[in-house]
Amino acid sequence: MTEATLEKLKILAAAAKYDVSCSSSGTVRRNDGKGVGNTVGGVGICHSFAADGRCIALLKVMLTNYCMYDCAYCINRRSNDIPRATLSVSEVVDITMEFYRRNYIEGLFLSSGVVRNPDYTMERIARIAKDLRLIHRFNGYIHLKSIPGASRELVNEAGRYADRMSVNIEIPREQSLKYLAPEKDHKSVYEPMGFIRQGVLQCQEDKKKMRHVPRFVPGGQSTQMIVGASPDTDRDILLTSSALYSMPTMRRVYYSGYVSVNQYDSRLPALKQPPLVRENRLYQADWLMRFYQFKAEEIADESNPNLDLEVDPKLGWALRHPEAFPVDINRAPYEMILRVPGIGVKSAALIVSARRYRHLNSSHLSKIGVAMKRAKYFITCGELVAPSIADTSPEYVRRLLTARKSRGENPLQLSFDFS
């Protein structure tokens, strides 16, 4: 690698750090003895840990940080005076193969600024994946960022060689997006999402009729929304996420706390630090929608459009609905047990299974893994001495559960001034 290429790589790797939607799809692409590397479930996560404890890495880089758009929240916006660089198709391919052979990485996450037009940029991204697969026989993990506004043909071309593809929504509401990025709209984002979805579903249908079918984005797709750059509420964000999860190919929605990189733009809030706690609460709410059978409208309703930063969303829902508690552990349905703070998906399944053979008490629940310090205010099992939320009040339970956490104002949370 030349010094010039290394310098470009440093600039473009730093520019790619703001995109968080780069986890592994868990797909399997085994080596047939003719290629290089493997993609075995879980491999490809960027700087994370596999199921067996290994730390695995992904080359996360941009093809170029030049961009024709001037989005207010983006560090790579057209009007910013920052170091710019562009890697050629062959340079990205050579860097990926060189790093892989040296065991630095186990896959590639590739995004790009938009130069000339979306199709020109998307064609170069697709060529990189194609060269890696066909010329170098690379079997490692490849995650490609689809360019909003790209044509169906180019998205389909890239999807034949990628394990996962993603298109970032960035801002949940069209009105806010047009305010911060006047050159973009949601149509240009949802169109390539639709192309990916149709390709994946067509591939699944073809597999039912033919034995050998070329792969098409086997890991599905993901997207990302920026939290705190616009006045959109948590309810707006969760409703958008809920609609996206109704798509059969959408695997993950990521939330990225806005980093104040363009402080001179008056359209953006003045943040000293990213809203990390709010970001974490959105991930917890996302988990409730995906695994706990909650709806977005329940987690953040019209009277409470923003999540409570002091307590997690599940506890917040329970405190707002004391009429639903206490829950009889030995009789309540599985769906209601899931809503008890301190009881997870596995614990709820174990409770339903164990109560078929014996009457459960608090000691049994502790052994199952229930967090009794929290759950005891929301359940009954015949011998609990702690008063439930129905015997006291939501405010009293809230004080008990947050007393030890209260340490004054949270420095990570900031008030947003959109005036």
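The values are calculated or read from the model by the stated rules, or taken from the named source; none is laboratory data. None of these values were measured; they are calculated from a predicted model. Positions of Cβ are backbone-derived with ideal geometry, glycine not excepted, and every protein chain shown enters the neighbour counts. Ligands, DNA and RNA are stripped out before the accessible areas are found, and what is left, the full protein with its side chains, is counted by its heavy atoms. Shrake-Rupley method; radii C 1.70, N 1.55, O 1.52, S 1.80 Å.
Looking at the stretch 69-87 only, could you name the residues that are more than 26 Å from the chain's Cα centre (by Cα) and assigned to a loop (DSSP other than H, G, I, E, B)? Full working, then the answer.
The initial filter retains those residues of the stretch 69-87 that are more than 26 Å from the chain's Cα centre (by Cα), namely 78-87.
Listed by number, the residues that qualify are Arg78, Ser79, Asn80, Asp81, Ile82, Pro83, Arg84, Ala85, Leu87.
Out of the residues in the stretch 231-254 meeting the condition of being part of a loop (DSSP other than H, G, I, E, B) and free of Cβ contacts under 8 Å to residues at least 60 places away in the same chain, tell me which one is surrounded by the most Cβ atoms within 10 Å (Cβ to Cβ).
Taking the stretch 231-254 as the starting set, the residues that turn out to be part of a loop (DSSP other than H, G, I, E, B) are 231-233, 246-249.
With free of Cβ contacts under 8 Å to residues at least 60 places away in the same chain added as a condition, the list becomes 246-249.
Values: Ser246: 8, Met247: 17, Pro248: 10, Thr249: 19.
Of everything passing the filter in the stretch 231-254, Thr249 is surrounded by the most Cβ atoms within 10 Å (Cβ to Cβ).
What are the pairs, 6+ residues apart or on separate chains, where a residue within the stretch 104-117 that is more than 13 Å from Asn139 (Cβ to Cβ) has its Cβ under 6 Å from a residue that is modelled with pLDDT under 90 and open to solvent by 30 Å² or more (accessible area, probe 1.4 Å)?
These pairs meet every condition: Ile105/Phe99; Phe109/Lys60.
Kindly check whether there is at least one residue in the stretch 88-105 that is modelled with pLDDT of 75 or more, over 26 Å from the mean Cα position of the chain (by Cα), in a loop (DSSP other than H, G, I, E, B) and under 30 Å from Pro182 (Cα atoms).
Within the stretch 88-105 (the criterion being modelled with pLDDT of 75 or more, over 26 Å from the mean Cα position of the chain (by Cα), in a loop (DSSP other than H, G, I, E, B) and under 30 Å from Pro182 (Cα atoms)), the answer is yes, since at least one residue qualifies.
On the given criteria, is Arg116 open to solvent by 70 Å² or more (accessible area, probe 1.4 Å), under 27 Å from Ser188 (Cβ atoms), of a type in the set (D, E, K, R) and touching a helix residue (DSSP H, G or I) at 6+ places or on another chain (Cβ under 7 Å)?
Against the criterion (open to solvent by 70 Å² or more (accessible area, probe 1.4 Å), under 27 Å from Ser188 (Cβ atoms), of a type in the set (D, E, K, R) and touching a helix residue (DSSP H, G or I) at 6+ places or on another chain (Cβ under 7 Å)), Arg116 does not qualify.
Among the residues of the stretch 1-18, what is the count of those that are open to solvent by 50 Å² or more (accessible area, probe 1.4 Å) and polar (S, T, N, Q)?
Qualifying residue count, the stretch 1-18: 1.
Within the stretch 348-358, is there a residue that is buried (at least 16 other Cβ atoms within 10 Å of the Cβ), closer than 15 Å to Leu238 by Cβ and at pLDDT 95 or above?
No, that holds for no residue.
Let me confirm something: among Gly44, Gly53, which residue is modelled with pLDDT under 85, in a loop (DSSP other than H, G, I, E, B) and in contact with a Phe, Trp or Tyr (Cβ under 6 Å, 6 or more places away or on another chain)?
Gly44
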